Amino acid sequence: MKKILIIGATSAIAEVTARIFAARGEALFLVARNAERLQAIKADLDVRGAVRTATATLDVADVAAQQAIIDQAERELGGLDIVLIAHGTLSDQGECEKSVAALRREFEVNALSTMALLTILANTFEARRTGTLAVISSVAGDRGRQSNYVYGAAKAAVTAFLSGLRQRLAKSNVDVLTIKPGFVDTPMTANVANKGALWAKPDAVAAGIVRAIDKRRNVVYLPGFWALIMLVIKHIPEAIFKKLKL
Ligand SMILES: NC(=O)c1ccc[n+]([C@@H]2O[C@H](COP(=O)([O-])OP(=O)(O)OC[C@H]3O[C@@H](n4cnc5c(N)ncnc54)[C@H](OP(=O)(O)O)[C@@H]3O)[C@@H](O)[C@H]2O)c1
């Protein structure tokens, strides 16, 4: 039985991932902002077979409150084997171009809060010399595009942070998994009108997350074809890239 902390547990991707863990009889500590949604998810996971579930509310931007929540999760579950960090907001790029306050808010939620959580978690996992830190970044962090470069820059910061953390923790036998989904049909992307062939359902991404944790992967694109797409996008010369409408 694995002891699993999920931060951003009301996210569509996290919820479906938690269902897979529950069906395997794992113990889960769920953290999110919305207490009512958390209770509903907890009840569902109990029915699906989770050996134990508990919840706590946290606005991840409240960095000072993070340590107490992590301590609570450790106490409730009797330690931690896996942490999945899944919260995020799809920034309003137009607003961020007009407002430094909006830019800072997006960075606080999508980058700083995650790096703060990882700073706390890395030290306990390093001392314990076991476990997995799995974090949802995004393909958007692989190259900034005019349509969402604030969100992309925040995810790029998370991706770079995870790369360094993985190197640091490798000698302590701690796995650090960078999860890079492409387009996923969730509440975050509800405003996108035309969802074409590149779009995935949360179930497919969740299955990929659990598989990557089990296989102790380092970086995973979900679905896998995004690795090829981003390889191409990363290699487009700037002279051409700046003229594209992406
Ligand atoms: N959907 C995509 O196309 C896509 C692609 C690549 C990466 N991702 C990443 O995948 C992860 C999961 O997103 P999703 O697609 O499952 O979207 P989602 O269902 O909208 O989930 C986002 C979650 O983040 C939580 N959240 C936002 N701000 C928070 C805060 N300050 N404190 C605590 N929780 C906060 C939201 O909680 P509330 O309900 O309380 O707002 C919500 O549960 C995110 O990191 C996202 O950036 C998504």
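Connecting C-alpha atoms closer than 10 Å in a GNM of the chain, tell me which of I85, I233, I213 has the biggest fluctuation.
Checking each option, the largest mean-square fluctuation is seen for I233.
Using heavy-atom solvent-accessible surface (probe 1.4 Å) with all chains present, what is the largest-first order of M1, M230?
Working: M1 135, M230 10 Å².
Most to least solvent-accessible, the answer reads M1, M230.
Could you check which residue among P187, P223, P202 shows the biggest mean-square fluctuation in a GNM of the chain with a 10 Å Cα cutoff?
With Cα springs under 10 Å in the chain, the top fluctuation among P187, P223, P202 is at P187.
Can you pull the accessible area of K195 for me, 1.4 Å probe, Å² to the nearest 10?
70 Å²
With n ≥ 4 as the cut-off for DSSP H runs, can you work out [θ] at 222 nm for the chain, using -39500 (n - 2.57) per run divided by the number of residues, rounded to the nearest 500?
Working: 10 runs with 117 residues, N = 246.
Calculated mean residue ellipticity at 222 nm is -14500 deg cm²/dmol.
So how far, in whole Å, is the C-alpha centre of segment 38-70 from the one of segment 10-26?
12 Å
Amide H of T55: which non-local residues (sequence gap of 5 or more, or other chain) have their own amide H closer than 5 Å, using H built in the peptide plane?
Amide H to amide H, under 5 Å and 5 or more residues apart or across chains, T55 pairs with L30.
Take the alpha carbon atoms of segment 184-212, find their center, do the same for segment 75-147, and report the distance between the two centers in whole angstrom.
Between the Cα centres of segment 184-212 and segment 75-147 lies a distance of 19 Å.
Defining a contact as two alpha carbons under 8 Å apart and six or more residues distant in sequence, what relative contact order in percent does the chain show? Write down the numbers at each step before the final one.
Details: 424 pairs, mean separation 44.3, N = 246.
The normalised contact order for the chain reaches 18 percent.
Given a 1.4 angstrom probe, I'd like the percentage of the accessible area of the chain that is carbon and sulfur, rounded to a whole number.
55 percent
Roughly how many nanometres apart are two label points built 7 Å out from the Cα toward the Cβ at R145 and D59?
Calculated label separation equals 3.1 nm.
Given 0.36 nm per residue, what is the gain on full extension from R75 to T130 after removing their alpha carbon distance, in nm?
Details: separation 55, 0.36 × 55 = 19.80 nm, distance 1.75 nm.
Here the segment from R75 to T130 would lengthen by 18.1 nm.
In debye, nearest 20, what is the charge dipole magnitude of the chain about its Cα centre with +1 on Lys and Arg Cβ and -1 on Asp and Glu Cβ, if you could check?
Details: 32 positive and 23 negative charges, 170 e Å.
Charge dipole, the chain, about its Cα centre: 820 debye, nearest 20.
Sorted from largest to smallest, which semi-axis lengths in Å does the alpha carbon gyration tensor of the chain give for its equivalent ellipsoid, taking the root of 5 times each eigenvalue?
They are 29, 19, 19 Å, listed largest first.
Could you work out the Kirkwood radius for segment 182-246, taking every pair of different alpha carbons, averaging 1/r and inverting it, reported in Å?
13.7 Å
Quick one: 3J(HN,Hα) in Hz for segment 144-159, Karplus 6.51/-1.76/1.60 with θ = phi - 60°, rounded, Gly and Pro as x.
So the Karplus estimates, Gly and Pro as x, are x, 10, 4, 6, 7, 6, 6, 4, x, 5, 5, 5, 4, 4, 5, 4 Hz.
Taking the dipole about the Cα centre of the chain, with the C-beta of Lys and Arg at +1 and of Asp and Glu at -1, give me whichever of A116, A54, A140 is farthest to the positive side.
After comparing all options, I get A140.
The values are calculated or read from the model by the stated rules, or taken from the named source; none is laboratory data. Given the structure is predicted, the values throughout are model-derived calculations rather than measurements. With ideal geometry, Cβ positions are generated from the backbone for all residues, glycine too; neighbour counts draw on all protein chains shown. Quick note on the areas: whole protein, heavy atoms, side chains included, nothing else; ligands and nucleic acids left out. Shrake-Rupley method; radii C 1.70, N 1.55, O 1.52, S 1.80 Å.
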